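These notes concern the structure reproduced below.
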Amino acid sequence: MLFALYPEPADLVTSIHRVFRPPVDAEYARQHAHLFADLNEPAEIDLRVNELFPYHYDWVAFGKPWYFPTVAEAFFATGGEQTLALPARFDFRRSARSFWTAFWHYTPSHKRVSLAVGFVLALAIGLAGEALLIVHRRSSFIRTRGKALIAEDVSAAL
């Protein structure tokens, strides 16, 4: 299923790495600073960013369910100190809808089919493994008065 989502798994590893070490390119930001030079308020900057770089889900923009782009791939500008703040109240339904939209609604149909087939195959392999384990356990319990196993006893138990 991972290969259905990420045909190049290195992209997922790279994105996870970038979460902890964001690829900040100061030179790229300086080259594009003129786009925001006439703005003073954070709300104005936010509007300009949304005008110049409209949001697209990662499936649409990068062909992956989740991707952490470089500065060149998605413009990055900071103004002052940045902090991470968790919401005061977590809305599970809103988050679930957002997840559904981002990760399923925009998933290409061929990826959906790959995920479904992968899930069914993983389930079948898991069940087959459990069945073999049960058969192995049953056969190990078949004993005939301390003597070696007899083929008829094993086949009768199966």
Which order, highest average first, do 104-115, 126-137 follow once you tally other Cβ atoms within 10 Å for each residue and take the mean per peptide?
-> 104-115, 126-137
³J(HN,Hα), Karplus 6.51/-1.76/1.60, whole Hz, each residue of the range 7-18, x for Gly, Pro = x, 10, x, 4, 4, 5, 4, 4, 5, 4, 4, 5
With x for Gly and Pro, the residue-by-residue ³J(HN,Hα) of the range 19-25, computed from phi through the Karplus equation 6.51 cos²θ - 1.76 cosθ + 1.60 at θ = phi - 60° and given in whole Hz, is 4, 8, 9, x, x, 8, 10
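Coordinate-derived values only; no laboratory data. Keep in mind that what you see is a predicted model, and the values were worked out from it rather than measured. Reconstructed Cβ throughout: ideal geometry from the backbone, glycine too, with neighbour counts over all protein chains shown.
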